[in-house]
Amino acid sequence: MSESIYSGPVFEMARQQFNGVADHLQILEEDRARLLYPKRAIAVSCPIHRDDGRTEVFQGYRVQHHLTLGPTKGGTRFAPSVDVGEVAALAVWMSWKCALAGLPYGGAKGGITVDPYTLSPRELEALSRRYMQEMIPFVGPHTDVMAPDMGTNEQVMAWFMDTYSMYQGQTINEIVTGKPVSAGGTLGRREATGRGVAHLVGRALDHLGISAGSATAIVQGFGNVGSVTAYSLAGRGVKIIGVSDHTAAYHDPAGLDVADLQRHVAKRGQLAGFSTQSAIEPSELLLRKCDVLVPAAMEQVITWQNATELKCRILAEGANGPTTPGADAILDQRRDELFVLPDILCNAGGVIVSYFEWVQDLQRLFWEEAEVFDRLYRIQERSFQQVIARAKRDGISHRMAAMAIGVSVVQSAKHTRGLFP
Ligand code: GLU
């Protein structure tokens, strides 16, 4: 395929990664475009009334990557960076992530180009509802199931579910996941991504023979994923020596109190103002020495410029796409000293527990929290073992192994089914 609407640095990154895996798997040229390019992309204009009386139109997108294994699944991002290329890349990654975990989904992603922190609560509700209303013809519990991502949360998912349900004339919980428990959500979804990251870090520490009680960690990003990861790692005895968000970065070799940080963020909405003593330059945080480095914020923060300077033993990717292919080439050479938990393995706890939420909603049968985490950890264990074994067998990086497993699942389903999906 020579021309497409998908462009920009993030899609380019997903494309490069895919081509690397396709070369490794020796996927025929004629199959590549079918595997990489999204099945559908929807763009909508979402007008809302601002509080000052003006009408403003926001652009929204939803990209459904492939329909071969079941409905598509993925988060909805409210951020100024959102464009169709970024959303498409994130949808592609969701496909490999779901396939690696063995979930019966294709990948999707959506978003609105907006800084949600500039909206009042009423404006945020109006925009969330309008976005779902515009998407009604294109989504459904067996077509495409949304979830939270950067800039959205449980309340936004409740508005999505309510808007969809009102148009259908009945409550349809299974249209989105990541809802509050009071609106048909599952126990454990809010913490699932962060607890899943911490669980895999625990497995990686075991694998390397490092005890959690002697390990240190730095977490970039203090939203739902970063803060729960930091909290869960601290609960396992790991000393959190650095954290950051888009407003501040703190580093203290003696350890930071994660519960205190969470209380501060709950009150102020951001890390800034927490401390003056331990504040450092945010760009420096990633380069400080630690056992576990968790990028849990944005894409493309680990690049060829800083990859040689990372001083961690484990890189646990809580964010989607934090490491560029240029950085990967360097990390590949540092394979013996740096253990990578690639994003589609490391942060899959979110979508795995979303799958449990969807299943519970469809069955109208709700599980206890212990069952949710027991099942989550079992799926994670299987993926972890598969990735390590594949990397060892083929002499490839963990990322290449994880993607090779995910891409192969989709490829073989496409071969079995034929050309349509
Ligand atoms: N947005 C999350 C992710 O990137 C969760 C998606 C979901 O739960 O469907 O994995």
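The numbers here are math on the coordinates, done by the rules we state, and not lab data. All values derive from a computational prediction rather than experimental measurement. No Cβ is skipped: glycine too gets one built from the backbone with ideal geometry, and neighbour counts run over all protein chains shown.
Tabulated data
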item: Gain on full stretching of the segment that runs from GLN26 to GLN270 - 0.36 nm per residue minus C-alpha separation; result: 83.2 nm
item: Lys/Arg +1, Asp/Glu -1 at C-beta; the chain dipole; positive extreme among PHE384, ILE210, TYR131; result: PHE384
item: Inter-label distance for ASP260 and VAL181, nm, one decimal - labels placed 7 Å from Cα along Cα-to-Cβ; result: 3.0 nm
item: Paired Rg and Dmax values of the stretch 214-360, which use every Cα atom, in angstrom; result: 15.1, 48
item: Computed helical MRE - 222 nm, the chain, DSSP H runs ≥ 4 contributing -39500 (n - 2.57), nearest 500; result: -15000 deg cm²/dmol
item: Neighbour cut-off at most 11 other Cβ (10 Å), DSSP loop, GluC sites (Glu not before Pro), the stretch 1-109; result: GLU3
item: Residues of type lysines that LYS267 reaches as a straight line, Cα spacing below 26 Å, ignoring anything fewer than 8 places off in the same chain; result: LYS179, LYS239
item: Largest to smallest principal axis extent of the C-alpha atoms in the stretch 1-140, angstrom; result: 57, 28, 22
item: Antiparallel bridge percentage (DSSP; both residues within the chain; nearest 5); result: 45 percent
item: Net charge dipole size for the chain [Lys, Arg +1 and Asp, Glu -1 on Cβ; Debye, nearest 20]; result: 660 debye
item: Three principal axis lengths of the stretch 146-206 [C-alpha, angstrom, descending]; result: 51, 21, 15
item: Cα-based Rg of the stretch 272-345 normalised by 2.2 N^0.38 Å, two decimals; result: 1.11
item: Once the Cα gyration tensor of the chain is diagonalised, semi-axes √(5λ) in Å; result: 30, 27, 21
item: Orientation-averaged projected area, Cα convex hull of the stretch 311-374 (nm²); result: 5.7 nm²
item: Potential lengthening between ALA370 and HIS246 on full extension [0.36 nm per residue; Cα-Cα distance subtracted]; result: 41.3 nm
item: Centre separation in Å (Cα based) which lies between the stretch 81-108 and the stretch 330-380; result: 15 Å
item: For PHE339, residues with placed amide H under 5 Å, excluding near neighbours; result: ILE314, LEU315
item: Summed residue charge, Cβ within 14 Å of ALA101's Cβ, Lys/Arg positive, Asp/Glu negative; result: +3
item: Helix runs (DSSP H) in the chain reaching 27 Å along axis by Cα, Kyte-Doolittle at least 1.6; result: none
item: Förster-model FRET efficiency, 45 Å R0, THR303 and ASP51, C-beta, rounded to 0.05; result: 0.70
item: Relative contact order (%) - criterion: Cα under 8 Å, at least six apart; region: the chain; result: 16 percent
item: Mean-position separation - Cα centroids, the stretch 294-329 and the stretch 229-249, in angstrom; result: 17 Å
item: Additional length obtainable on full extension of the chain from SER120 to ARG378, 0.36 nm per residue less Cα span; result: 88.8 nm
item: Span from the the stretch 161-197 Cα centroid across to the the stretch 388-413 one, whole angstrom; result: 31 Å
item: Three-way shape label, the stretch 331-421, alpha-carbon gyration tensor, a/c 1.5; result: oblate
item: Spatially proximal aspartates and glutamates relative to LYS97 (Cα-Cα < 12 Å; intrachain offsets below 8 disregarded); result: ASP343
